[in-house]
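Q: Pasting a structure here, questions to come.
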4 protein chains.
Amino acid sequence: MSNSFGKIFRITTFGESHGAGIGVVIDGCPAGIAWDEAFIQHQLDRRKPGQSAITTQRKESDIVEVWSGVFEGYTTGTPIMLLLRNENAKSSDYEHLRNLYRPSHADYTYHAKYGRRDHRGGGRSSARETAARVASGAVAQLLLRKYDIQFLTWVDSIGSAFYVPEYFTEFTSEDIENNEVRCPHPETAERMIAYIKEVRKQGDTVGGTIKSIIRNVPAGWGEPVFDKLHAQLGKAMLSINACKGFEYGSGFAGAKMRGLDHNDLFYRDNDGKIATYTNYSGGIQGGISNGQEIYFRCAFKPVATLQQKQETVDKAGNPITFIGKGRHDPCVLPRAVPIVEAMSALVLADFALRASAK
Amino acid sequence: MSNSFGKIFRITTFGESHGAGIGVVIDGCPAGIAWDEAFIQHQLDRRKPGQSAITTQRKESDIVEVWSGVFEGYTTGTPIMLLLRNENAKSSDYEHLRNLYRPSHADYTYHAKYGRRDHRGGGRSSARETAARVASGAVAQLLLRKYDIQFLTWVDSIGSAFYVPEYFTEFTSEDIENNEVRCPHPETAERMIAYIKEVRKQGDTVGGTIKSIIRNVPAGWGEPVFDKLHAQLGKAMLSINACKGFEYGSGFAGAKMRGLDHNDLFYRDNDGKIATYTNYSGGIQGGISNGQEIYFRCAFKPVATLQQKQETVDKAGNPITFIGKGRHDPCVLPRAVPIVEAMSALVLADFALRASAK
Amino acid sequence: MSNSFGKIFRITTFGESHGAGIGVVIDGCPAGIAWDEAFIQHQLDRRKPGQSAITTQRKESDIVEVWSGVFEGYTTGTPIMLLLRNENAKSSDYEHLRNLYRPSHADYTYHAKYGRRDHRGGGRSSARETAARVASGAVAQLLLRKYDIQFLTWVDSIGSAFYVPEYFTEFTSEDIENNEVRCPHPETAERMIAYIKEVRKQGDTVGGTIKSIIRNVPAGWGEPVFDKLHAQLGKAMLSINACKGFEYGSGFAGAKMRGLDHNDLFYRDNDGKIATYTNYSGGIQGGISNGQEIYFRCAFKPVATLQQKQETVDKAGNPITFIGKGRHDPCVLPRAVPIVEAMSALVLADFALRASAK
Amino acid sequence: MSNSFGKIFRITTFGESHGAGIGVVIDGCPAGIAWDEAFIQHQLDRRKPGQSAITTQRKESDIVEVWSGVFEGYTTGTPIMLLLRNENAKSSDYEHLRNLYRPSHADYTYHAKYGRRDHRGGGRSSARETAARVASGAVAQLLLRKYDIQFLTWVDSIGSAFYVPEYFTEFTSEDIENNEVRCPHPETAERMIAYIKEVRKQGDTVGGTIKSIIRNVPAGWGEPVFDKLHAQLGKAMLSINACKGFEYGSGFAGAKMRGLDHNDLFYRDNDGKIATYTNYSGGIQGGISNGQEIYFRCAFKPVATLQQKQETVDKAGNPITFIGKGRHDPCVLPRAVPIVEAMSALVLADFALRASAK
């Protein structure tokens, strides 16, 4: 009952980590959008496992297969089904997990909800599901091309000591992709990478934050009450595995401010457009975009699967010890960057279509 | 297109700040729930303006009128319409706002989206809409009574200097309601109140944070992918006027942690139930409740309406100076407490019904 | 869970026959539509009881009250709430129905579903709910004005002997409204009226059919799979109280035909537009409008409330005799005409907005 | 925007006639339903082309592939993706249709709506899409097994001369499946088959009607206002390719009746249950099931593709002559029987879950 997202541009994802494959149906994508499969594959490649020394070494080629909705180079307006086969599914790796509940995973809650679960690699609760989001998010970006909307998403911090400096604000997508941790500040990136390697060596994991800027969103997108633009963005990000928090504009820091400082005063810019001097609003006022940069930050907890012994209970509640097998990420942040971008694009594509419905 | 919330227990709100009234239709409320109008009114009274020296002195009696869906003391399963008349609607107070865009309000974005707006008191963008949420949230709480779900929601901080101490964790609803700022720590409450009065005297406003604990949610509520329990809670909170951030469980602090510290180890408690030693998960794993306490925190920016002169532009983009008239809150936090609680109840009532559909 | 209709132009109705009133919230109506309250009232007057000698003599003035969403003569894009107070609610008239199940009413099924019901005048199952549809359908018609969409809806037959002749195809809205049975063929209308009066004198009721033509719907409205234009029209009509069947285009007669006769051949008309020689398709092909006239027919059963003694059972299943009190229609057809028109307009307004979302 | 059906038990179909395949995602199917793939395949075999001498001779093996949502013999509560590969897709057969609009097909309307279309075999508008409905409808039937709901669906008439006699009411599913036209009355079946063969020999096609009885639906399913049980059934049937009309209970004949004759009087039956003497209501009152047999009838037009020369226009509106190539059904009725059954099951599975949500 919860595998769809979006109102007009609407995706439905399916598939388990160790089934035959995962995929997504996009319903409501307009006809006539030029298909750019290389771009979709590029986004998937940014998310895929095994891409660098600091991600899991599990191998999935994640080649997108287009099963419907595209004809002779253009979308047709009918549902687009994108499929990704599971290749590296060693189910036997997971047999020892069949009857126990891994700490801070969804094993116990799936059992509580469904009375059963596919225990292989987390089944449906695996972050593998996010590949379907990235594929469909890339299609959303194709739709958004006509608005020239730009996404800038990067790893802002790792753990408690490695932050992109506040003063560092001028950089490009290329700067972000320049290193395997997807942090645009080279020195910090280097330190983050070293730290993640250290953490992995200890069999441990670490969390961090991702920041995102979205440029060129026209004023007037979003809905005023429950589907506020930032509320949808927040839901989108919080629905990503391991995301624990979301803030936009001034965020939690804004809660400490006073009105006189926080208010973004309007002026008419050189092009005659109405703009604001400051942007504590994060480009959104009353749930609707105001034409300024949209920006937000989200928090990701450390990966729950550790490469060391942990205590837990089995289904009967008996204490049991286990060791995480398999190949897991010591830190999800680098691979979460394209997922955050995909979810942003899905939210905006939906609002673009909503804004045009009149 | 955005005035409904919930999938099975579904509300639709309507009304502008200075129209005839505001209200809500609740569709999907089961039949046979004992009607407790005094409780609904009580929740509205907690939100209503003019309730204390630190809120706006605007007067609205906010007496709930039940127009449908209740018969002889019980809900009938048909839509429940609750209406609140607008009493204190001095539209002329707002005539000077007709042609200008107040900073950090929704004036400009409504114009960008709709090409027009009801400028009186913010119209639909006014926080007055939240009274409809509180009324329907109280009905959601009636539904949740059979699960004995408890909500504990309080003002956690005001501005940058007034926090409830971390060590202070044992208190009741009564402790929260004991003072007009809805902070359960008496000394902090006193300092908060003094500060808010000071801020108001300066014609300024201030933000803060609200924290919430929800107890007795059964394990197994929530949905695994897009409608994760915390993602719906996050959307719900972020849809409240002035909310800028949301975090649950370990939240942004969790992003700084390492896996070994963050994992919540399972054990079997004295009642034979599976529980966790720690609760960084915030009672939710994989988007589904695990039976532990759910807790979250949200950030509210300072109120945008100041009692002092501000610069802005008119519709044509020309600079103009204006002074906020009317009677406004120097700080929304105390009145936001019942709104946060209402949105929590709406989310949980919907998930309670979803969980039962099988 | 079922009191809303439409995806983008979406209504939610509320209210019981003998509560304080009934009404509707319209969400998704675009901003900037010129408000024409006289037209809305006119449509309500066409539906209201007591309008002629062949309808119920119950009195409801059904004056529409606009509570939100309209400002200074235009829709604002925010929810429009329209309220109709119940005036003629003699609840005591219905006390004898509290514990019995009237034949072919919804008394028994409401009990089976909800375990209780508001027995006064049918409560929520009363056709009074359709007044809310007519009010919101009139707003849908305001939206459709820019397309110049024309609705022609009339009583096509009453009982088994009174049909509008097949050859009779040229008439206007005025011809329909010219008489109280809303049949454009004057002689047939006269005979229908006399028959309905006769039926009423016998304490009996009678069914009939309504036919409808919709002109000027642009080619390309509707959706190809589940939300086919005619499937939505069908659902809309079948959701009207007492409607038992729906057919469009060639309908049931088309099932008897052969392909060579049934196919509508295309040609280019004098304006260079693609048209069809015949129109067995009813203006819809593959669920999408083709620019030709849309037409359909729906069947209404005889009213279940008779002015004579009937056998039934009480809640315990014991046999009981009762007589229908109150003032009821001997035939719903004349008053159903504006309801059919309203539902058509609601379907088309929604598809108009869907068609524009790209 | 229209490729999903159902509110809680919700399917989304995808795929074109001549793409790689078609399929369906089922979201909201409860966990723990025993998987019966043989039954799903059996239902698909009843629909598949080439099954008998009176259907198209096109070959599709239509073997169902289960990609997700099923684990170790049971549904898991996660989305179920079912895929059917397209095997017999000779796209070149359709090259002559690329630039013309076939009469009474969706070619012109797809162009009007989308500005382009996949012309191969009708693309998305092909009845091939209904295979995905049959596959998911079979899953819905698995869910309904616990209620012992029985579907009896048959071909009631072909063309204007071949009807199942009214008096013929006692027969079983086996009687229906006994012959290739799916008509339970052996002599009529024989005559229908001979007629369809004759029609095909002439290169022509013919329509007909399907009737359906659903037994053992508990009283209390359905929703009172817009989602009336019969309104959803009507929409479901009208969404099937070629369906032109729907009636339930007394249907269009009921429109000719008088109230005294039409009312279904209640009594208490031998088991102490409340029942009705007659069943003009078709098992549904006020949109909610009353425990009696549900029955309805739907009309299907003759297939639009003829094996003979026809006039039409090309995209530019120029007259052009073409001959239907490919292998098409002379009459869709026999293969439509399992589709009607599937849509019924989808409607009821959704209402079963809705009824349990409280």
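Q: Tell me which residues, restricted to region D:185-218, are part of a loop (DSSP other than H, G, I, E, B), farther than 30 Å from D:I11 by Cα and open to solvent by less than 10 Å² (accessible area, probe 1.4 Å).
A: If the condition is that a residue be part of a loop (DSSP other than H, G, I, E, B), farther than 30 Å from D:I11 by Cα and open to solvent by less than 10 Å² (accessible area, probe 1.4 Å), then D:G203, D:T205 are the ones that fit.
Q: Output the number of residues of region C:112-126 satisfying the condition of being at pLDDT 95 or above and open to solvent by less than 40 Å² (accessible area, probe 1.4 Å).
A: Counting residues in region C:112-126 that are at pLDDT 95 or above and open to solvent by less than 40 Å² (accessible area, probe 1.4 Å) gives 2.
Q: Sticking with this one: I'm trying to understand the selection: among the residues of region B:230-247, which are small (G, A, S) and part of a loop (DSSP other than H, G, I, E, B)?
A: Across region B:230-247, the qualifying residues are B:S239, B:A242.
Q: Let me ask something additional. All but one of (1) in a loop (DSSP other than H, G, I, E, B); (2) open to solvent by less than 20 Å² (accessible area, probe 1.4 Å); (3) within 14 Å of chain A (Cβ to nearest Cβ) hold for B:T130, so report the exception by its number.
A: Unmet for B:T130, out of (1) in a loop (DSSP other than H, G, I, E, B); (2) open to solvent by less than 20 Å² (accessible area, probe 1.4 Å); (3) within 14 Å of chain A (Cβ to nearest Cβ): (1).
Q: Which one of these does B:T109 not meet: (1) in a strand (DSSP E or B); (2) within 13 Å of chain A (Cβ to nearest Cβ); (3) open to solvent by less than 10 Å² (accessible area, probe 1.4 Å)?
A: Evaluating B:T109 over (1) in a strand (DSSP E or B); (2) within 13 Å of chain A (Cβ to nearest Cβ); (3) open to solvent by less than 10 Å² (accessible area, probe 1.4 Å) leaves (1) as the failure.
Q: Does D:R58 qualify as being within 21 Å of D:V332 (Cα to Cα) and open to solvent by less than 40 Å² (accessible area, probe 1.4 Å)?
A: no
Q: Within region A:317-352, can you find the residues that are under 30 Å from B:G272 (Cα atoms) and in contact (Cβ under 8 Å) with a residue 60 or more places away in the chain?
A: So the first thing to find is which residues in region A:317-352 are under 30 Å from B:G272 (Cα atoms), and the list is A:317-325.
A:I320, A:F322, A:G324, A:K325 - these are the residues of region A:317-352 that are under 30 Å from B:G272 (Cα atoms) and in contact (Cβ under 8 Å) with a residue 60 or more places away in the chain.
Q: With respect to A:E174, determine if the residue is out of contact with any Lys or Arg (no Cβ under 9 Å at 6 or more places or on another chain), part of a loop (DSSP other than H, G, I, E, B), surrounded by fewer than 21 Cβ atoms within 10 Å (Cβ to Cβ) and more than 7 Å from chain B (Cβ to nearest Cβ). Spell out the reasoning first.
A: Working: out of contact with any Lys or Arg (no Cβ under 9 Å at 6 or more places or on another chain): yes; part of a loop (DSSP other than H, G, I, E, B): no; surrounded by fewer than 21 Cβ atoms within 10 Å (Cβ to Cβ): yes; more than 7 Å from chain B (Cβ to nearest Cβ): yes.
Spelling it out, it is not the case that A:E174 is out of contact with any Lys or Arg (no Cβ under 9 Å at 6 or more places or on another chain), part of a loop (DSSP other than H, G, I, E, B), surrounded by fewer than 21 Cβ atoms within 10 Å (Cβ to Cβ) and more than 7 Å from chain B (Cβ to nearest Cβ).
Q: Considering every residue within region C:219-240, establish whether at least one is open to solvent by 40 Å² or more (accessible area, probe 1.4 Å) and either in contact with a helix residue (DSSP H, G or I) (Cβ under 8 Å, 6 or more places away or on another chain) or more than 7 Å from chain D (Cβ to nearest Cβ) (or both). Let's see the steps before the verdict.
A: Here is the first cut: in region C:219-240, the residues open to solvent by 40 Å² or more (accessible area, probe 1.4 Å) are none.
The answer is no, given that none of the residues of region C:219-240 is open to solvent by 40 Å² or more (accessible area, probe 1.4 Å) and either in contact with a helix residue (DSSP H, G or I) (Cβ under 8 Å, 6 or more places away or on another chain) or more than 7 Å from chain D (Cβ to nearest Cβ) (or both).
Q: Quick one: which residue in D:S157, D:S136, D:S212 is modelled with pLDDT of 95 or more, closer than 25 Å to D:S239 by Cβ, within 11 Å of another protein chain (Cβ to nearest Cβ) and in contact with a helix residue (DSSP H, G or I) (Cβ under 9 Å, 6 or more places away or on another chain)?
A: Just one listed residue meets the conditions, D:S157.
Q: Check D:K235 against each of (1) without any contact (Cβ under 8 Å) to a residue 60 or more places away in the chain; (2) under 20 Å from D:P334 (Cβ atoms) and name the one condition it does not meet.
A: The failed condition is (2).
Q: Restricting to region A:1-16, name every residue that is touching a residue at least 12 places away in the same chain (Cβ under 8 Å) and either surrounded by fewer than 24 Cβ atoms within 10 Å (Cβ to Cβ) or more than 7 Å from chain B (Cβ to nearest Cβ) (or both).
A: Scanning region A:1-16 gives A:G6, A:K7, A:I8, A:F9, A:R10, A:I11, A:T12, A:F14, A:G15, A:E16.
Q: Oh, and also: Pull up region D:310-357, narrow it to residues that are of a type in the set (S, T, N, Q) and part of a helix (DSSP H, G or I), then point me to the one that is most open to solvent (accessible area, probe 1.4 Å).
A: That would be D:S356.
Q: Please find, among A:Q51, A:Q43, the residue that is open to solvent by less than 30 Å² (accessible area, probe 1.4 Å) and away from chain D (no Cβ under 14 Å).
A: A:Q43
Q: Just to be sure before I move on: is B:Y94 under 30 Å from D:G220 (Cβ atoms), surrounded by fewer than 20 Cβ atoms within 10 Å (Cβ to Cβ) and either modelled with pLDDT of 95 or more or in contact with a helix residue (DSSP H, G or I) (Cβ under 8 Å, 6 or more places away or on another chain) (or both) in the structure I sent?
A: No; evaluated as a whole, the condition is false for this residue.
Q: So, in region C:248-300, of the ones that are part of a loop (DSSP other than H, G, I, E, B), facing another protein chain (nearest Cβ under 7 Å) and under 23 Å from D:Y163 (Cβ atoms), which residue ends up most open to solvent (accessible area, probe 1.4 Å)?
A: Looking only at region C:248-300, we keep the residues that are part of a loop (DSSP other than H, G, I, E, B), and these are C:249-250, C:255-257, C:263-265, C:269-273, C:277-283, C:286-287, C:290-293.
Remaining after also requiring facing another protein chain (nearest Cβ under 7 Å): C:249-250, C:255-257, C:263-265, C:272, C:281, C:286, C:290.
Filter again for under 23 Å from D:Y163 (Cβ atoms), leaving C:249-250, C:255-257.
Details: C:G249: 13, C:S250: 16, C:A255: 2, C:K256: 101, C:M257: 39 Å².
So, considering only residues that are part of a loop (DSSP other than H, G, I, E, B), facing another protein chain (nearest Cβ under 7 Å) and under 23 Å from D:Y163 (Cβ atoms), the one most open to solvent (accessible area, probe 1.4 Å) is C:K256.
Q: Moving on. Only one of these conditions is not met by D:F162: (1) at pLDDT 95 or above; (2) within 14 Å of chain C (Cβ to nearest Cβ); (3) open to solvent by less than 50 Å² (accessible area, probe 1.4 Å). Which number is it?
A: For D:F162, the failing item is (1).
Q: Would you check if there is a residue in region A:240-263 being among the aromatic types (F, W, Y) and more than 23 Å from B:V155 (Cβ to Cβ)?
A: The initial filter retains those residues of region A:240-263 that are among the aromatic types (F, W, Y), namely A:246, A:248, A:252.
Filter once more, keeping what is more than 23 Å from B:V155 (Cβ to Cβ): none.
No, region A:240-263 contains no residue that is among the aromatic types (F, W, Y) and more than 23 Å from B:V155 (Cβ to Cβ).
Q: With the structure loaded, tell me whether B:A53 is over 24 Å from B:K146 (Cα atoms) and among the hydrophobic types (A, V, I, L, M, F, W, C) or whether it fails that test.
A: For B:A53, the condition - over 24 Å from B:K146 (Cα atoms) and among the hydrophobic types (A, V, I, L, M, F, W, C) - is met.
Q: Okay, moving on. Just one of (1) open to solvent by less than 10 Å² (accessible area, probe 1.4 Å); (2) among the acidic types (D, E); (3) at pLDDT 95 or above trips up D:D36, so point out which.
A: (1)
Q: Being farther than 25 Å from C:G259 by Cβ and charged (D, E, K, R) is the filter here; which residues of region D:129-185 pass it?
A: Residues satisfying the conditions are D:R145, D:K146, D:D148, D:E166, D:E170, D:E174, D:D175, D:E177.
Q: Then there's this: Based on this model, can you work out whether B:Y74 counts as open to solvent by 40 Å² or more (accessible area, probe 1.4 Å) and either closer than 30 Å to C:G115 by Cα or in contact with a His (Cβ under 7 Å, 6 or more places away or on another chain) (or both)?
A: yes
Q: So which of B:S160, B:S136 ends up being among the hydroxyl-bearing types (S, T, Y) and within 18 Å of the chain's Cα centre (by Cα)?
A: On inspection, the qualifying residue turns out to be B:S136.
Q: If I filter region D:301-309 for residues that are part of a loop (DSSP other than H, G, I, E, B), surrounded by fewer than 22 Cβ atoms within 10 Å (Cβ to Cβ) and more than 21 Å from the chain's Cα centre (by Cα), do I get at least one hit?
A: So far as region D:301-309 goes, yes, one or more of its residues are part of a loop (DSSP other than H, G, I, E, B), surrounded by fewer than 22 Cβ atoms within 10 Å (Cβ to Cβ) and more than 21 Å from the chain's Cα centre (by Cα).
Q: If I ask for residues that are at the interface with chain C (Cβ under 8 Å from one of its Cβ atoms) and touching a Pro at 6+ places or on another chain (Cβ under 6 Å), which ones from region D:186-209 would you list?
A: Within region D:186-209, D:V199, D:T205, D:V206, D:G207 meet the criteria.
The values are calculated or read from the model by the stated rules, or taken from the named source; none is laboratory data. Keep in mind it's a predicted model, so treat the numbers as computed, not measured. Note that each Cβ is placed from the backbone with ideal geometry, even for glycine, and that neighbours are counted across all protein chains shown. Heavy atoms of the whole protein, side chains included, go into the accessibility calculation; ligands, DNA and RNA do not. Shrake-Rupley method; radii C 1.70, N 1.55, O 1.52, S 1.80 Å.
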